[in-house]
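Asks: Here it is, the structure, as structure tokens.
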Amino acid sequence: MQSNSIERPAMPAILRGFKGRCPHCGEGKLFRAFLKPVDHCAVCGEAMHHHRADDFPPYIVVTVMGHLVIAGYMATETVLLLSSWQHLAIWVPVTLIGSLALMQPVKGAVIGLQWALRMHGFGGKPDQPEDILPPAREPR
């Protein structure tokens, strides 16, 4: 595990993750399957098993693809007169292929960001709330 005093620039870590590489060294593979990250980097040994990307990568992919597909649809609609079926034949495959193509790189980028920010175990300590709430008062 790396020391907390070492600087971790976010942009290089995000780009390494986007390319499917270890956010620490940039050499080792980040994924062992389509969306399954490796437990440890084979090159530098950085632990990856504790990441918590969860629903954030799909949210980003839906947002990006939604903007691209709607812009493409509207641009096509201004240039060509197509029926609804023709639009479906174009935009459904574009949406599916684009979403599948973006999912792994976006998940890698999120893992890279978490590593750079020392989130979810990447900082050498377990996740826990930063503040402790006072006990609740009993009603009168």
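Every number here is computed from the coordinates shown, using simple stated rules; none is lab data. This structure is a prediction, so every number in the text was calculated from the model and none was measured. Neighbour counts are summed over all protein chains in view; Cβ atoms, including those assigned to glycine, are modelled from backbone coordinates with ideal geometry.
Asks: For the chain, what D do you get in µm² per second when you plug the Kirkwood radius from alpha-carbon pairs into Stokes-Einstein at 25 °C and 0.890 mPa s?
Replies: Using the Kirkwood radius from Cα pairs, D works out to 140 µm²/s.
Asks: Quick check: pseudo-label points 7 Å beyond the Cα along Cα→Cβ at Y59 and E27, how many nm apart are they?
Replies: Using points 7 Å along Cα→Cβ, the separation is 3.5 nm.
Asks: Evaluate the charge dipole of the range 10-116 about its Cα centre and quote only its size in Debye, nearest 20, assuming +1 on the Cβ of each Lys and Arg and -1 on the Cβ of each Asp and Glu.
Replies: That gives a dipole near 280 debye.
Asks: With r as the distance between the Cβ atoms of M119 and I6 and R0 = 22 Å, compute the FRET efficiency 1/(1 + (r/R0)^6) and round to 0.05.
Replies: Result of the calculation: an efficiency of 0.90.
Asks: Please identify the chymotrypsin sites (Phe, Trp or Tyr not before Pro) of the range 21-95 that satisfy two criteria: DSSP loop assignment and at most 14 other Cβ atoms within 10 Å. Which are they?
Replies: Answer in residue order: F34.
Asks: Among all lysine pairs in the chain that are eight or more places apart or on different chains, how many have alpha carbons less than 19 angstrom apart?
Replies: Lysine pairs meeting both conditions in the chain amount to 5.
Asks: Calculate, for L35 and L68, the FRET efficiency according to 1/(1 + (r/R0)^6) with r their C-beta to C-beta distance and R0 22 Å; round to the nearest 0.05.
Replies: E(calc), rounded to 0.05, equals 0.55.
Asks: Could you derive backbone 3J(HN,Hα) for the range 76-81 from the dihedral phi with the Karplus parameters 6.51, -1.76 and 1.60 (θ = phi - 60°), listing whole Hz in sequence and x where the residue is Gly or Pro?
Replies: The phi angles translate into 5, 5, 6, 9, 10, 9 Hz.
Asks: What is the extension gain from V79 to H50, computed as 0.36 nm multiplied by their sequence separation minus the C-alpha to C-alpha distance, in nm to one decimal?
Replies: Here the segment from V79 to H50 would lengthen by 5.6 nm.
Asks: Next question, about the same structure. Using 7 Å Cα-to-Cβ label points, what is the K19/L133 separation (nm, one decimal)?
Replies: Simple spin-label model gives 4.4 nm for this pair.
Asks: Next question. Among R118, R32, R52, whose mean-square fluctuation peaks in a Gaussian network model of the chain (Cα, cutoff 10 Å)?
Replies: R32
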